[in-house]
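The values are calculated or read from the model by the stated rules, or taken from the named source; none is laboratory data. Being a predicted model, the structure only gives us computed values, none of them experimental. As a convention, Cβ positions derive from the backbone with ideal geometry for all residues, glycine included, and neighbour counts pool all protein chains shown. Surface accessibility is based on the protein's heavy atoms, side chains included, excluding ligands, DNA and RNA. Shrake-Rupley method; radii C 1.70, N 1.55, O 1.52, S 1.80 Å.
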Amino acid sequence: IDGDTVELTDGRRVRYLMIDTPESTTETECFGPEAKQFNLDLVDGKEISMKFDVVREDQFGRLLAYITVDGVEINPVIVERGYGCVLHIAPNGDDRVDEFDDLELRARTLGRGLWAACSPRPC
């Protein structure tokens with residue numbers, strides 16, 4: 001769908017926990033197409049596993065999860081590589097917010113992805 005949402009083969013949509021990426025569907029924000037392509041490259045056609053937190057579904061009916069492909073959790077990779085920002089909506093992620101904040105700080109400091117390409121920053 002975009003950089004932080006996928007559609008499963010059964011039609012269910014999954015919104016990644018703890019991240020927000022620039023828009024590429026309803027509007028196109030700086031680095032939105034790149035975030036969407038990065039996500040596509042990581043998960044398209046691959047078998048995923050999902051780990052849920054306290055709240056399993058959002059107000060739009062999307063599942064909320066951490067996504068793993070081939071033993072690699074995708075959510076932190078997107079932040080670490082500069083394709084997205086931290087989006088903490090409690091109570092989900094309360095135990096991981098420091099980890100994700102550190103990954104975002106590292107991406108910002110190193111000028112990765114959207115942190116070097118976008119002004120103003122889309123998230």
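Summary table below
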| read-out | value |
| --- | --- |
| For the chain, with +1 on Lys and Arg beta carbons and -1 on Asp and Glu, the positive-most of Ala116, Val54, Gly93 along the dipole | Ala116 |
| Where labels lie 7 Å past Cα in the beta-carbon direction, separation of Arg106 and His88 in nm | 1.7 |
| ³J(HN,Hα), Karplus 6.51/-1.76/1.60, whole Hz, each residue of segment 72-88, x for Gly, Pro | 10, 6, 6, 3, x, 4, 4, 5, 4, 8, x, 8, x, 10, 6, 10, 9 |
| Degrees, to the nearest 10: 32-43 long Cα axis against longest axis of the chain | 50 |
| Amide hydrogen neighbours beyond the local backbone of Asp2, cut-off 5 Å, H modeled | none |
| GNM top mover of Asp101, Asp41, Asp53 - the chain, alpha-carbon springs below 10 Å | Asp41 |
| MRE, 222 nm, helices only [DSSP H, n ≥ 4, -39500 (n - 2.57), over the chain, to nearest 500] | -8500 deg cm²/dmol |
| List Leu114, Leu42, ordered by accessible area with a 1.4 Å probe, largest first | Leu42, Leu114 |
| Length-normalised contact order of segment 38-77 in % [C-alpha pairs under 8 Å, at least 6 apart] | 36 |
| Tail fraction, Cα-Cα pairs, segment 13-119, threshold 20 Å, whole percent | 38 |
| Choice from Ile89, Ile19, Ile74 with maximal GNM fluctuation in the chain (Cα, 10 Å cutoff) | Ile89 |
| Nearest 10 degrees, 0 to 90: helix 97-110 Cα axis against the chain principal axis | 30 |
| For Cys30, solvent-accessible area (1.4 Å; no DNA, RNA or ligand), Å² | 60 |
| Theoretical gain in end-to-end length, Glu73 to Thr25 [0.36 nm per residue, Cα-Cα removed] | 14.9 nm |
| Stretch gain in nm, segment Val97-Glu47, where the contour uses 0.36 nm per residue and the Cα spacing is subtracted | 15.4 nm |
| Normalised contact order of the chain, rounded percent, pairs of Cα under 8 Å and 6 or more residues apart | 28 |
| Hz values of 3J(HN,Hα) by residue in segment 61-67 - Karplus curve (6.51, -1.76, 1.60), Gly and Pro given as x | x, 7, 5, 10, 7, 8, 10 |
| Total formal charge among the other residues, if their Cβ is under 12 angstrom from that of Cys30, Lys/Arg +1 and Asp/Glu -1 | -3 |
| DSSP-loop trypsin sites (Lys or Arg not before Pro) across segment 1-80, with at most 14 other Cβ within 10 angstrom | Arg12, Lys46, Arg56 |
